[in-house]
Amino acid sequence: MYNYTDFDRQFVRQRAAQFRDQLTRNLAGELGSEEFKPLRLQNGWYVQRHAPMLRVAVPYGELSSRQLRQLAVIAREHDRGFGHFTTRQNLQYNWIPLPQAADVMDKLAEVDMHGIQTSGNCIRNITSDVFAGIAPDEVVDPRPYCEILRQWSTLHPEFAHLPRKFKIAVSGATEDRAAIAWHDVGLQLLKNEAGEVGFKVLVGGGMGRTPVIGSVIREFLPWQQILVYLEAIVRIYNRFGRRDNAYKARIKILVKAEGQKYFDAVNAEFDKLMTSDPAGREHIIPESELARVAASFQDPVGVHPAVGGFDPHRTGPAPTAFLRWLERNVHGHRISGYRAATLSLKRPGQAPGDVTAEQMELAATMADRYSLSELRVSHDQNLVLPWVREADLFAVWHAARDASFATPNIGLLTDMIACPGGDFCALANARSIPVAASITERFDDLDALYDLGDIDLHISGCMNSCGHHHTGHIGILGIDKDGDEWYQISVGGSDGSTLSGASVPGKVIGPSFAAEEVPDVIEALIDTYRAEREAGERFIDTVRRIGVPPLRAAADAVRHATARPQQDQELATEAA
């Protein structure tokens, strides 16, 4: 993990002190709500449906046990005893009273954490592969580059008030586990024929109201120049992005509208920065700086490759539940004798991504005992122990089971992504958590889930797409109609992973459904897959082979709350 320097710690603590002064003046009536709003947003504080919400940055998803314990303290002392891990590798609190906000920021600063730029129209948290640094298919470790990008973008004076929020994802493996094509900028680390490290640069991706897949603007950019090139990308966006319409303000709209003209403008700006702007040339990353940052990402002390393979039956027949956990929750590692283990945050009784203060502490203890005090946050809203010795896997499973982390469902239907939805978010049109709970309850048979195999189910409570519904093999989008909650279903989406294939948004299968119909619709889609699948065929492959019509017919057949006139009206609207 990156080791904060004295400068880093002073910076974060000064920022917390600055926020305390701003909050004090706001509570005293000396700083109006509208003046205070951009200041609190810059530090991750929203005013949500019921209470303030704080978004805590977990840069590129890397977290220490010490930090997780502090997050547990904050949950217990300031919130209602839990937090929520998001698809952006962040943690959110939903019930912290605003007068306590400065105390919370001080506690975060004590463990090198903050909420800086987790909201607002700026460059947000840099995300990456949850298995960065340990993946067997990794070409280049992306974490040092992510950290350099984080430092460059934090409080960047030119990019503090962009047309809209701006998100960057970085991958360094052959498998894209960071959904880079779905970001404003996606960066793929690779090596050219000469063995030199560089980036393939994608720009203009995004979800929301208009899902767009990012376009390649540069096939290979030497790593030393990445900050200069990003400077050019964001400058052109900042100059020409729409500020007159919030729905058209994302960079994806600019890239889609201008196409090659935007690419030409970026490359012209880059050339100018490289040739005639001293500030541009100063952003070329020297080898010494990369080496300084990369030193924090060496293998932890105590990691030693082991010889021989892992045999779960070495001391006798292994329990079936343990074997299932090994199959679904345990992942390969680049170092022999080690594995990564996912702690599932998808289980009955808790919303996807939610974790209690007690569970945070238990996970931190597991990290200390079995993962060299390190954890990761995945964009699938789970926790990962990245440094587990194969010899400890049975003990880790027992500890995970005691903490309710051992559900062997990673990649299965119930390992769903879901935003907090209308239960918490002021922007949401519909609730996500009850829908997720009803589906989890409906599909509670592990044998049946294993028979179905890999299925990505993603739920968003509104068009902002925090639940990544566009990328789901099955996507659920909450929409509002005359004050009632309705849900639009899509199929065939992809995040760009090997399983799902090239990034593509799912296709809507017809008029929306009432909340009570959604579990029946999902079951109808699953039954159609069972009936239509060929030997060894996964859900996403069957969907692409048979197309939308049979799936739509199956979904329509289970309508019971939505009247036919409503469907006809929506079809007429779609046709128009």
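For the stretch 466-491, which positions are in a loop (DSSP other than H, G, I, E, B) and touching a Ser or Thr at 6+ places or on another chain (Cβ under 9 Å)? Steps first, answer last, please.
The initial filter retains those residues of the stretch 466-491 that are in a loop (DSSP other than H, G, I, E, B), namely 466-468, 472-473, 482-483.
Of everything in the stretch 466-491, those that are in a loop (DSSP other than H, G, I, E, B) and touching a Ser or Thr at 6+ places or on another chain (Cβ under 9 Å) turn out to be CYS466, GLY467, HIS468, GLY472, HIS473.
If you take the residues of the stretch 210-242 that are under 23 Å from the mean Cα position of the chain (by Cα) and part of a strand (DSSP E or B), which of them is surrounded by the fewest Cβ atoms within 10 Å (Cβ to Cβ)?
Taking the candidates together, the pick is VAL216.
Only one residue in GLN381, GLN359, GLN350 is more than 22 Å from ASP176 (Cα to Cα) and either in contact with a Gly (Cβ under 6 Å, 6 or more places away or on another chain) or open to solvent by 30 Å² or more (accessible area, probe 1.4 Å) (or both), so which one is that?
GLN350
Go through the stretch 169-186 and give me each residue that's farther than 15 Å from ARG235 by Cβ, among the β-branched types (Val, Ile, Thr) and crowded, with 19+ Cβ neighbours inside 10 Å. First the steps, then the outcome.
Step one: filter the stretch 169-186 for residues farther than 15 Å from ARG235 by Cβ, giving 169-183, 186.
So of that shortlist, the ones also among the β-branched types (Val, Ile, Thr) come out as 170, 174, 180.
Passing the criteria: VAL170, ILE180.
Determine which single condition LEU525 fails, assuming it passes every other condition in (1) buried (at least 22 other Cβ atoms within 10 Å of the Cβ); (2) in contact with a Ser or Thr (Cβ under 8 Å, 6 or more places away or on another chain); (3) assigned to a helix (DSSP H, G or I).
All conditions pass for LEU525, except number (2).
Of all the helices (runs of 4 or more DSSP H) wholly in the stretch 1-99, which have at least 3 residues that are among the aliphatic types (A, V, I, L, M)? I'd like the intermediate steps shown before the answer.
Values: elements: 6-27, 33-41, 65-78.
In the stretch 1-99, 6-27, 65-78 are the helices (runs of 4 or more DSSP H) which contain 3 or more residues that are among the aliphatic types (A, V, I, L, M).
Which of the residues belonging to the stretch 317-332 are open to solvent by 20 Å² or more (accessible area, probe 1.4 Å), of a type outside the set (Gly, Ala, Ser) and modelled with pLDDT of 95 or more?
Of everything in the stretch 317-332, those that are open to solvent by 20 Å² or more (accessible area, probe 1.4 Å), of a type outside the set (Gly, Ala, Ser) and modelled with pLDDT of 95 or more turn out to be PRO319, THR320, LEU323, ARG324, LEU326, GLU327, ARG328, HIS331.
Taking ALA418, is it closer than 21 Å to LEU54 by Cβ, surrounded by 24 or more Cβ atoms within 10 Å (Cβ to Cβ) and in contact with a strand residue (DSSP E or B) (Cβ under 8 Å, 6 or more places away or on another chain)?
In short, yes.
Do we find that LYS256 is assigned to a helix (DSSP H, G or I) and free of Cβ contacts under 8 Å to residues at least 24 places away in the same chain in this structure?
Numbers: assigned to a helix (DSSP H, G or I): yes; free of Cβ contacts under 8 Å to residues at least 24 places away in the same chain: no.
Judged against the criteria, LYS256 is not a match.
Please give the number of the condition ALA426 fails out of (1) over 23 Å from the mean Cα position of the chain (by Cα); (2) small (Gly, Ala, Ser); (3) not in a helix (DSSP H, G or I).
Looking at each condition in turn, ALA426 falls short on (1).
Within the stretch 424-461, track down each residue that is of a type in the set (Lys, Arg) and under 18 Å from GLY353 (Cα atoms).
Hit for the stretch 424-461 is ARG431, nothing else.
Can you name the residue in the stretch 276-297 that is in a helix (DSSP H, G or I) and at pLDDT below 95 and, of all such residues, is least open to solvent (accessible area, probe 1.4 Å)? Write out each step before concluding.
First, pick out the residues of the stretch 276-297 that are in a helix (DSSP H, G or I): 278-281, 287-297.
Within this subset, residues satisfying the condition of being at pLDDT below 95 are 278-281.
Details: PRO278: 73, ALA279: 46, GLY280: 3, ARG281: 104 Å².
Selected residue: GLY280.
For the stretch 65-108, give me each residue that is aliphatic (A, V, I, L, M), buried (at least 22 other Cβ atoms within 10 Å of the Cβ) and within 14 Å of ASN43 (Cα to Cα).
LEU91, ALA101, VAL104, MET105, LEU108
Looking at the stretch 352-382, which of its residues are part of a loop (DSSP other than H, G, I, E, B) and either within 16 Å of the chain's Cα centre (by Cα) or at positive phi (or both)?
PRO352, GLY353, LEU372, SER373, SER378, HIS379, ASP380, GLN381, ASN382
Against the conditions (1) closer than 30 Å to TRP397 by Cβ; (2) in contact with a Ser or Thr (Cβ under 9 Å, 6 or more places away or on another chain), where does PHE263 fall short? Just the number, please.
That leaves (1) as the condition not met.
Could you check how many residues of the stretch 243-264 are surrounded by fewer than 19 Cβ atoms within 10 Å (Cβ to Cβ), modelled with pLDDT of 95 or more and aliphatic (A, V, I, L, M)?
Going through the stretch 243-264 one residue at a time, the tally reaches 1.
Do the conditions hold for THR471, that is, is it touching a Lys or Arg at 6+ places or on another chain (Cβ under 9 Å) and among the hydroxyl-bearing types (Ser, Thr, Tyr)?
Judged against the criteria, THR471 is not a match.
Please verify whether the stretch 133-150 includes one or more residues that are free of Cβ contacts under 8 Å to residues at least 60 places away in the same chain, in contact with a Pro (Cβ under 7 Å, 6 or more places away or on another chain) and either in a loop (DSSP other than H, G, I, E, B) or not acidic (Asp, Glu) (or both). Break it down into steps so the answer makes sense when it comes.
In the first step, residues of the stretch 133-150 are kept if they are free of Cβ contacts under 8 Å to residues at least 60 places away in the same chain; the result is 137, 139-140.
Filter again for in contact with a Pro (Cβ under 7 Å, 6 or more places away or on another chain), leaving none.
So far as the stretch 133-150 goes, no, none of its residues is free of Cβ contacts under 8 Å to residues at least 60 places away in the same chain, in contact with a Pro (Cβ under 7 Å, 6 or more places away or on another chain) and either in a loop (DSSP other than H, G, I, E, B) or not acidic (Asp, Glu) (or both).
Being open to solvent by 30 Å² or more (accessible area, probe 1.4 Å), within 17 Å of ILE96 (Cβ to Cβ) and either under 28 Å from the mean Cα position of the chain (by Cα) or not basic (Lys, Arg) (or both) is the filter here; which residues of the stretch 14-36 pass it?
Residues satisfying the conditions are THR24, LEU27.
To keep it simple, each residue is scored yes or no on (1) of a type in the set (Phe, Trp, Tyr); (2) touching a helix residue (DSSP H, G or I) at 6+ places or on another chain (Cβ under 8 Å).
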{"site": "GLY61", "(1), (2)": "no, no"}
{"site": "ARG69", "(1), (2)": "no, yes"}
{"site": "ALA72", "(1), (2)": "no, yes"}
{"site": "PHE82", "(1), (2)": "yes, yes"}
{"site": "PHE85", "(1), (2)": "yes, no"}
{"site": "TRP95", "(1), (2)": "yes, no"}
{"site": "VAL104", "(1), (2)": "no, yes"}
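If you check GLY309 against the conditions, is it over 18 Å from ALA395 (Cβ atoms), small (Gly, Ala, Ser) and assigned to a loop (DSSP other than H, G, I, E, B)?
So GLY309 passes the test.
Taking the condition of being hydrophobic (A, V, I, L, M, F, W, C) and either farther than 16 Å from TYR529 by Cα or open to solvent by 30 Å² or more (accessible area, probe 1.4 Å) (or both), how many residues in the stretch 467-510 meet it?
Result for the stretch 467-510: 8.
The values are calculated or read from the model by the stated rules, or taken from the named source; none is laboratory data. Predicted model, so just to flag it, every value in this text is computed and none were measured. Ideal geometry is used to build each Cβ from the backbone, glycine not excepted, and the neighbour counts take in all protein chains shown. Surface areas here come from the heavy atoms of the whole protein model, side chains and all, with no ligands, DNA or RNA. Shrake-Rupley method; radii C 1.70, N 1.55, O 1.52, S 1.80 Å.
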